[in-house]
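Asker: Can you read through this structure? Questions will come right after.
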Amino acid sequence: DRYSKTRNQLLDSLAYAMGGRIAEELVFGDPSTGASNDISQATETAKQMVTEYGMSTQVGAVRLAGSSGEVFLGRDMGHGRDFSERVAAVVDDEVRLLMDGAMAEATAALQANRGILDRLAHELLEKETLSGDEVVRVIRSYALTDSDASPA
């Protein structure tokens, strides 16, 4: 089903979203504001996993998020949630754990594939944008030269 995503698919999307931020830290040692939109989207996904999709061991399979409909007469604009401060703290902890896990996964993937990261960065400096086919070409060429260099 194209409209449903598994927990593992969502976890993968969190790690993918954090890749830009982690790449900046690995390459430059200092993150910039460039990944802020990715971080925002990943955080929102993590919150949804905890408060809407029941994908949290601490919160459980309950829906904590309130209605996200349009504001109209009789609906309080400032009303943000329908649960206690204690539960809100648990939600914050769970979201943080998901984001920390995503950053750790992205870090491990980029460190293990640092050569590909560097080659892609070089190609992007040359061309500014790369198509999907060009990315695949760079990865394949790296894999071929890397396997040729290792003893059999």
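Coordinate-derived values only; no laboratory data. The model shown is predicted, which means the values in this text are computed figures rather than measured ones. Heads up, the Cβs are rebuilt from the backbone with ideal geometry, glycines too, and the neighbour counts pull from every protein chain shown.
Asker: I need the GluC sites (Glu not before Pro) found in segment 1-66, filtered to DSSP loop residues with at most 14 other beta carbons within 10 Å of theirs.
Answerer: Those that pass, being in a loop and sparsely packed, are GLU52.
Asker: Per 10 Å bin, what is the whole-percent P(r) computed from every C-alpha pair distance within segment 14-66?
Answerer: Histogramming segment 14-66 at 10 Å steps yields 26, 36, 24, 14, 0 percent.
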